[in-house]
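The values are calculated or read from the model by the stated rules, or taken from the named source; none is laboratory data. For clarity, every value in this text was computed on a predicted model and none was experimentally measured. Cβ atoms come from the backbone with ideal geometry, glycine included; neighbour counts cover every protein chain shown.
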Amino acid sequence: MGRLAVWVAVLISGMMQFPVLAQDAALGEKVFNKCRACHQIGEGARNLVGPPLNGIVGRKAGSIEGYAYSDANKNSGITWDEVTLTEYLKNPRAKIPGTKMIFVGIPNEADILNLVAFLKQYDADGKKAAP
């Protein structure tokens, strides 16, 4: 029983070092203000400096019709999910070397998780899912 108690203590200690961060879409909408200069989201969103972000989760990178993606983005083989978006938003040029996105990234992981929660609300048509 002593070994089990030690393993449980180690497990709990490790979990406390890496807390699970809750995602807050409302806070993510505020983080999205960093993106608005180049991207739109929602009904009627269109290409700007960057493509619209409607339906980004589950979408293949480089696939919005009419947007001139870099070859690096088109050929990345990425289908956006929470993990790949988190990595990309932290440092776009590290995730896709050769991307034309000049944004340096978001260093705060909570901000990234909140932003992803915000983005996930929108389907490919820009309709926001009901809460």
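Within region 22-35, not a single residue is surrounded by 10 or more Cβ atoms within 10 Å (Cβ to Cβ), of a type in the set (K, R), in a loop (DSSP other than H, G, I, E, B) and at pLDDT 95 or above.
So that you can scan it fast, the table gives a plain yes or no per residue for (1) of a type in the set (D, E); (2) buried (at least 19 other Cβ atoms within 10 Å of the Cβ); (3) modelled with pLDDT of 95 or more:
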| position | (1), (2), (3) |
| --- | --- |
| S70 | no, no, yes |
| T84 | no, no, yes |
| N91 | no, no, yes |
| A94 | no, no, yes |
| G105 | no, no, yes |
| E109 | yes, no, yes |
| N114 | no, yes, yes |
| L119 | no, yes, yes |
| G126 | no, no, yes |
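Regarding region 76-94, can at least one residue be identified that is in contact with a strand residue (DSSP E or B) (Cβ under 7 Å, 6 or more places away or on another chain) and among the basic types (K, R)? Scanning region 76-94 turns up no residue that is in contact with a strand residue (DSSP E or B) (Cβ under 7 Å, 6 or more places away or on another chain) and among the basic types (K, R). Taken over region 79-131, residues that are outside any helix (DSSP H, G or I), out of contact with any Pro (no Cβ under 8 Å at 6 or more places or on another chain) and of a type in the set (G, A, S) amount to 4. When V57 is evaluated against the numbered criteria (1) of a type outside the set (S, T, N, Q); (2) part of a loop (DSSP other than H, G, I, E, B); (3) closer than 18 Å to A25 by Cα; (4) without any contact (Cβ under 8 Å) to a residue 60 or more places away in the chain, which criterion, by number, is the only one it fails? Here V57 clears every test but (4).
The residue pairs whose first member lies in region 88-113 and is within 13 Å of Q23 (Cβ to Cβ), whose second member is among the basic types (K, R), and whose beta carbons are closer than 8 Å, counting only pairs six or more residues apart or on different chains, are E109/K90; I112/K90.
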